[in-house]
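A short worksheet on the structure shown next.
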Amino acid sequence: MTNTELCRRSFLRAGLGGISGSLALNSLLSAQNLASKGVVNPLHHAAKAKRVIFLYQAGGPSHLETFDYKPQLAKLDGKPMPESLTKGQQIAQLQGKDLVCFGPQHKFARFGKNGEQLCELFPHIGSVVDDLCIVRSMTTEQINHDPAHTIMNTGSIIPGRPSMGSWLLYGLGSEAENLPGFVVLVSNGKGGQMQPIAARQWSAGLLPSKFQGVKFNSIGDPVLYINNPPGVNAKLQEQSINAVNAMNKIGYGTLKDPEILTRVAQYELAFKMQTSVPDLVDVSKEPKSVLDMYGANPGDGSFASNCLLARKLAERGVRFIQLYHRDWDHHGGVKANMEFKAQETDRATAALIKDLKQRGMLDDTLVIWGGEFGRTPMSQGGDGRDHHIKGFTYLMAGGGIKRGISYGATDDFGYAAQENVVTVHDFHATMLHVLGIDHKRLSVKFQGLDARLTGISGDVVRDILV
Amino acid sequence: MSVARFLFAAVALSATLAAAPVSFNRDIRPIMSDTCLRCHGPDKSSRMANLRLDLREEATKALRNGRTPIVPGDPDHSEIITRIFATGARIMPPEFAHKTLTDAQKQTLKRWVAEGAVYEGHWAYQPVRRPEPPVLAGNPVDAFIEARLAREGLKFSAEADRRTLLRRASFDLTGLPPTPAEVTAFQNDKSPDAWVKVVDRLMASSHYAEKQAMHWLDAVRYADSAGFHGDNLWPAWPYRDYVLKAFRDNKPFDQFTREQLAGDLMPNATVEQKIASAYNRMNRYSAEGGLQPKEYLAKYGADRVRTLSAVWLGSTMGCAECHDHKFDPFASKDFYSMKAFFADIKETGLMPDRGADAWGSKLLLATPEQQRQLDALTAKADAARRELDEKAKALLAKAPNYVGTADRSWHWQKPVSARAAAGSVLKIYNDEMVESSINGFERKRGDGLIVASGPIPSNDTYTVELRPGAGKWTALGLDLHSDEVLPGNGLARGADRFVLTEVDAEMNGRKLPFVLATANKTDVHVDAPAMAAIDGDPSTGWSEGHMLGLRFGSTVTTAADSVITVRLHQDSPIRRAVIGRFRVALSNAEYSWPYLGDSGKQSKARTDENQAVLNVDVEHGVPFDVTEGFKAEPDKRTERQQKAILDFFEFTTPELQPLLIAAEQTAWERTRFFWSIPRVVTTETTEPAITRILPRADWMNETTEIVQPAVPAFLGKVETGGRRATRLDLANWLVSAQNPLTARAYANRTWREFFGMGITKSLDDLGSQGEAPVHPELLDWLASEFVQPSYDAAGAHAWDMKHLVRTIVLSKAYRQTSMSTPALDEKDPDNRLIARQSRFRVDAEVVHDTALQVSGLLVDQFGGPPVKPVAPAGYLFAMNFPKRDYSESRGADLYRRGVYTEWQRTFLHPALLNFDAPTREECAVNRTNSNTPLQALDLLNDPIFVEASRVFAQRALAANPKNPIDEAFRLAEDRLPTAQERRILLGLHAESLKQFRADPKAAEALLSVGEAPRPKAVAAADLAALTAVTRAILNLHETITRN
């Protein structure tokens, strides 16, 4: 029997219950490069999208100053919220406070063929509205940032469940040879309302850690330890790795342990990553026209630079690219802060859509824009908005999603999603669906269950599918 | 069937290897559990057709339609058999269940019914009996395994060679590789009890505890931070040390259990027992503003049940938070009844994470001497404060509108120079425009702002020269400016705070001493008040607030060209807690109040571009609460206003100054001493909160059934004679003969430590969905031997953790070689039968510790506060509250064992995370063991390992200057390299030497990594080339693999 066979056999019999089992699992999944097949093979149904770029607006963007136009709320500004709506509902920092309507702080305008109403701070997004599906009826269950991020990313509030990028790597594998298949980028905003984001949000949880997201950094090494130690040049690094691998192969000759070959492969891969990543993250070689389109300044670690980098990663076959942009937690000063946010994200978001489109990639890339929750139609402190889980907006574009439509609606106050409610689990099911995965069949053995990675509920939102 | 299901629902080995007859537990329960019980099992809410198959009585009753699910002995008339062989719409399980039965499974079910459909209680819930070993001589562990191997036509493999054996035992027992000398000694020890001696030596070492505690700490999710949101650090390490000592001193496990769950409730609880009770506080806590307290109390309680259930019961009770368990007999009521045991823990949903009230219940770990000293200092400080307050109140009664209109404003200075001693670059913005970003972005005139940039040294001293012109000055002011670019809470260039350890000032070579330091307060760094900046002690510093007012001992008189030199010493042990942006002021008022430095007010005051000199504050030097307070009648003033007025009055009244200074000084002495005493979060008991069954975990529900503390009904009852059962009752029950799960769960996990996989691999699930044990009698024997030692048990006690380990490690099974054969691989690829040993990569901490050990860097110190090995700058970029950057430890604390690394839950240290250490946000009774390119990058390029390589090279060179390469290899692997291996290492060395000789700067750069000293005598190129070799050795698979 060959080693690959042995390896495969042991993998097939292994669960996640022990050390040797997991070793075998990794051995199987580690080829000579990072590209790998997933467990959903063949796909459950034809896929429309191959990859996802998730523009995660962390902190909870106000739907009322972005993409959910509420003229009624403007009229009721300063009036008490009807108690019939808010009674017995969850509430965050406004606990025990008077609940007063707070009209939209910016004007809206019409964009696109259907005259879609968007906040006028976002004209660039307006210019691509005919490529977007605006979902105005999102809901979630968690009203504080940390657990709300966790459920949005993993479908559960208990730490240790895999995040959505891990689902895709596990299910679909990766096509990127010298790059991780799940990349995370984080940018800060200027408003100073930056909520923390735990590394849990891109964890592989109970799946093997090769499925975890790899964070690319704008400070220091772009990927942790991707740069050689001081004084070690590429040649010496290669010689060192060759020596390690040659020695390990001698060990393999004695022990015939496939895990050693896996280790050899991982060192080769590490070296390939070392040569490819620094080049990749350097967006300064992009044409000026492209930099201008995104509004990116090479090396600034901004959302705009990250959007451009996301396109480059997508081109290289990265399966799931998640850009966290922070500073949407507008408890105060929502008016002024929304202007910052628009400056930071509007142009770049639209540029990414356009860029993908002009490269023919929008057809098989799913782009998602949204955060962990929305914000109250009630004012907080007279100029801000509190966390809100009963209705908020997501944008989706690209592979498998209808273009130039809106879906679902909140009530006249922008308080509760009323029409075609989309839960976090529905959103997950829909995302997986366009990628060729039936979320009900993507499972892993965990605590005695064939645990569905997405959690126990969720229905595909078929109305928005092409 | 999806590939995923196929992979993970693989048939248990025992079943595939089994011969007839059909056994319910071995063959039928796994099938039923996986495919039938979701709809026909214990959970009534999802039960279909009113049919239960998990109980024989139910399954053999006729249904309403007249058919009988199971007719024992008659498969042809058993509806379940008919249905599983049916096609189309009638097939079971139905299509919507996404479950299918294989032909073999169908045949097995049919045979089982034909053989009489005999049910057995689930193995794990049966009392632990003590199986008789098949052979009475020798270690029963071997007897059970050998008997099973014989049935499979297998035998034990040969014993491993002694080097391998000692490395295996050293890694397993102590988490460190043996020294070459230890290996040689063992190889040369021909006595029959050589192995016993080695095992006993290793188990007696404190390193034994450091290794064994690691996985217990995973299970109880011990961490040094709270886990939610700001993820701030809490004092938990004394509990970690308690666990370490329990393993070291071999505390009986029943006692270990009682103390952790209920140490605080034990009669005459000792300090140690109260520390142990911190177990109950190791769940994540949130301090996020706007959280709904009830929601979080529900989260904390549920977390405790999940953890207890996994650790002691090996069960997945978490499933029953929302509904009755689908496969095991845990009802939802059981979940909430277990939760009710913890309802007496004193805590709040929003748990304060900073300041004096942080983390709720805490236990000060003062020695009697420390307590006496603290009491004395407290009495002294209280007396001084009382004297001041009494006198102040008397005077204040005579001065109803004391505040007047006096201008007490600060005179902001435009410094003439600013220099830093240790590398920071200071730039003064006087009339120049400066950009800042705080709550937005602005660009305005600096007005004396000093901005630090350039390198960020661990410590620095800023020297600022002021030329204030002629005047008389009473105080120096220092205002720190927040900016988004400053990672240290927006104020410092690194760390999570600034620390100003000392300020001094001089003029014309004469010191200008300060007598009083005051700061505006944020109640965050209550241990670092303003007085710390003038106490002459460089180990203490000011961190609390933004603005510091320092009163001169006597009025400073300046001439037109006088220069005052101010030095800001920042010598904190916390690295890079150095100030980023600040302005300096002087006051010529009698006394100036520093509270005005508050950034918000400051920026309001400065919005007017026309304000020539910023010497006018919005409140004219008087705190807002004071002016407002004086507007009201004395008896109408709020408590806050009264306090503000009294503080202000004391601060500004000349005759009170000696008393004020004495009060502040004694308060600081008391504070400093108080915070030097270690403390730990602990459990305090209070009136138990009402616990309800929450369907679907809906915490807002206030109408459902109220439950009392109780253990899962099917496992028995805690007898209390009507008294509400406590955590102590729970603990006693867990380690009682009534509960069959604790000993089995613990024995199974212990087995995993020494073979890489449990006897049942599902460490967290001994229930029906878990794997049946491959060696069931062995597991029960070990469980029984753990509780009541009898084999080779001289000196052992009940619930003896060390005895269990020793019994396993002394077995023949443990000592086998890990080498396999094609035939064995074919039959038992995962080594479940134990016809050989296993190989696996060592744990994350051990990867780290091994590098430090072989390089000689490891600092062997048992216990103590967490330490922070080097980590990349910016690693904590995505955190906030406070914004922070990583600040590594100093000196010896850089080189401690991984078990002491500060466990930051939301951003675990990369050298731990990359090698699969769990974040401990949630209970983890098993670690995965992966092999990834990120691990390769870490071992190759992480400065921790680069420094270790360099020091390793130094060590090898010192030990064997003639042949350091062989020496290094031997230190790491306990053997000499083969000729072929030596050639590879020599080749790498020659290449490296050539390159480093050609590029001496590169050699210097490599050798400059890390702070461990470097011998100057060795030529840089030589040491760098050898470092390249030792680095390769530390990266070898063999180095990090336990064989």
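The values are calculated or read from the model by the stated rules, or taken from the named source; none is laboratory data. These figures come from a predicted structure and were not determined experimentally. For neighbour counting, all protein chains shown are included, and Cβ atoms are generated from backbone atoms with ideal geometry for every residue, glycine included.
A compact table of results
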quantity: Output for region A:169-186, where each listed residue is part of a strand (DSSP E or B), in contact with a Ser or Thr (Cβ under 7 Å, 6 or more places away or on another chain) and either surrounded by fewer than 24 Cβ atoms within 10 Å (Cβ to Cβ) or modelled with pLDDT of 95 or more (or both); calculated: A:G173, A:F182
quantity: Test: B:T760 is touching a Gly at 6+ places or on another chain (Cβ under 7 Å), of a type in the set (V, I, T) and within 14 Å of chain A (Cβ to nearest Cβ); calculated: yes
quantity: Qualifying residue in region A:85-106 (condition: part of a helix (DSSP H, G or I), over 23 Å from A:R452 (Cα atoms) and of a type outside the set (K, R)); calculated: yes
quantity: Residue within region B:386-400 that is under 27 Å from B:V503 (Cα atoms) and either assigned by TED's automatic domain parsing to the domain that holds B:H481 or small (G, A, S) (or both) present; calculated: no
quantity: Residue within region A:57-77 that is among the small types (G, A, S) and either surrounded by fewer than 20 Cβ atoms within 10 Å (Cβ to Cβ) or not in a loop (DSSP other than H, G, I, E, B) (or both) present; calculated: yes
quantity: Filter pass, B:V118 being surrounded by fewer than 15 Cβ atoms within 10 Å (Cβ to Cβ), without any contact (Cβ under 8 Å) to a residue 60 or more places away in the chain and either touching a Lys or Arg at 6+ places or on another chain (Cβ under 8 Å) or not small (G, A, S) (or both); calculated: no
quantity: Region A:141-159, subset surrounded by 24 or more Cβ atoms within 10 Å (Cβ to Cβ) and in a loop (DSSP other than H, G, I, E, B), residue farthest from the other protein chains (Cβ to nearest Cβ); calculated: A:G155
quantity: Strands (runs of 3 or more DSSP E) enclosed by region B:470-587 - at least 2 residues per element that are free of Cβ contacts under 8 Å to residues at least 60 places away in the same chain, among the small types (G, A, S) and surrounded by fewer than 23 Cβ atoms within 10 Å (Cβ to Cβ); calculated: B:547-558
quantity: Residues (of a type in the set (S, T, Y) and either over 25 Å from A:M152 (Cβ atoms) or more than 7 Å from every other protein chain (Cβ to nearest Cβ) (or both)) located in region A:177-235; calculated: A:S187, A:S203, A:S218, A:Y225
quantity: Criterion violated by A:T262 - all others in (1) more than 8 Å from chain B (Cβ to nearest Cβ); (2) hydroxyl-bearing (S, T, Y); (3) in contact with a helix residue (DSSP H, G or I) (Cβ under 7 Å, 6 or more places away or on another chain) satisfied; calculated: (1)
quantity: Selection within region B:34-57 - within 14 Å of B:A117 (Cβ to Cβ) and touching a strand residue (DSSP E or B) at 6+ places or on another chain (Cβ under 8 Å); calculated: none
quantity: Every residue from region A:236-259 that is more than 7 Å from chain B (Cβ to nearest Cβ) and under 22 Å from B:R950 (Cα atoms); calculated: A:Q237, A:E238, A:I241, A:N242, A:N245
quantity: One residue from B:R52, B:R64 being assigned to a loop (DSSP other than H, G, I, E, B), of a type in the set (D, E, K, R), outside the structural domain of B:S768 (by TED's automatic domain parsing) and within 17 Å of B:Q769 (Cα to Cα); calculated: B:R52
quantity: Failed criterion for B:S930 (all others in (1) touching a residue at least 24 places away in the same chain (Cβ under 8 Å); (2) facing another protein chain (nearest Cβ under 7 Å); (3) under 23 Å from A:F182 (Cβ atoms) hold); calculated: (1)
quantity: Some residue of region A:396-404 being more than 21 Å from the chain's Cα centre (by Cα), surrounded by fewer than 24 Cβ atoms within 10 Å (Cβ to Cβ) and not in a loop (DSSP other than H, G, I, E, B); calculated: no
quantity: All helices (runs of 4 or more DSSP H) inside region B:157-256 with 1 or more residues being hydroxyl-bearing (S, T, Y) and under 26 Å from the mean Cα position of the chain (by Cα); calculated: B:162-174, B:206-219, B:237-248
quantity: Subset of region B:969-1004 [buried (at least 20 other Cβ atoms within 10 Å of the Cβ), more than 11 Å from chain A (Cβ to nearest Cβ) and part of a helix (DSSP H, G or I)]; calculated: B:R970, B:L971, B:A972
quantity: Region A:57-78, residues that are of a type outside the set (S, T, N, Q) and closer than 18 Å to A:E339 by Cα; calculated: A:A58, A:G59, A:G60, A:P61, A:H63, A:L64, A:E65, A:F67, A:D68, A:Y69
quantity: Of all residues making up region B:711-752, the number that are among the basic types (K, R), under 22 Å from B:P329 (Cβ atoms) and outside the structural domain of B:E785 (by TED's automatic domain parsing); calculated: 1
quantity: Count of residues meeting criterion [under 28 Å from B:S458 (Cα atoms) and of a type in the set (S, T, N, Q)] in region B:1010-1031; calculated: 1
quantity: Which numbered condition B:R47 misses (of (1) touching a residue at least 12 places away in the same chain (Cβ under 8 Å); (2) surrounded by 17 or more Cβ atoms within 10 Å (Cβ to Cβ)); calculated: (1)
quantity: Residue satisfying all of: in region B:440-452; touching a residue at least 12 places away in the same chain (Cβ under 8 Å) and either loosely packed, with under 14 Cβ neighbours inside 10 Å or not small (G, A, S) (or both); nearest to B:G580 (Cα to Cα) among these; calculated: B:V451
quantity: Candidate set from region B:1005-1043 (those that are facing chain A (nearest Cβ under 7 Å) and part of a helix (DSSP H, G or I)); member that is surrounded by the fewest Cβ atoms within 10 Å (Cβ to Cβ); calculated: B:A1005
quantity: Residue in region A:188-211 that is crowded, with 24+ Cβ neighbours inside 10 Å and either touching a Cys at 6+ places or on another chain (Cβ under 6 Å) or in a strand (DSSP E or B) (or both) present; calculated: no
quantity: Residue under evaluation B:L779, criteria (1) within 19 Å of B:A798 (Cβ to Cβ); (2) surrounded by fewer than 21 Cβ atoms within 10 Å (Cβ to Cβ), criterion not met; calculated: (2)
quantity: Residues of region B:85-103 satisfying the condition of being within 47 Å of the chain's Cα centre (by Cα), without any contact (Cβ under 8 Å) to a residue 60 or more places away in the chain and in a helix (DSSP H, G or I); calculated: B:E95, B:F96
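One line per residue, one yes/no per condition, for (1) at pLDDT 95 or above; (2) not in a helix (DSSP H, G or I):
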| residue | (1), (2) |
| --- | --- |
| B:R884 | yes, yes |
| B:D893 | yes, no |
| B:Q904 | yes, yes |
| B:R920 | yes, yes |
| B:T928 | no, yes |
| B:S949 | yes, no |
| B:P961 | yes, yes |
| B:D966 | yes, no |
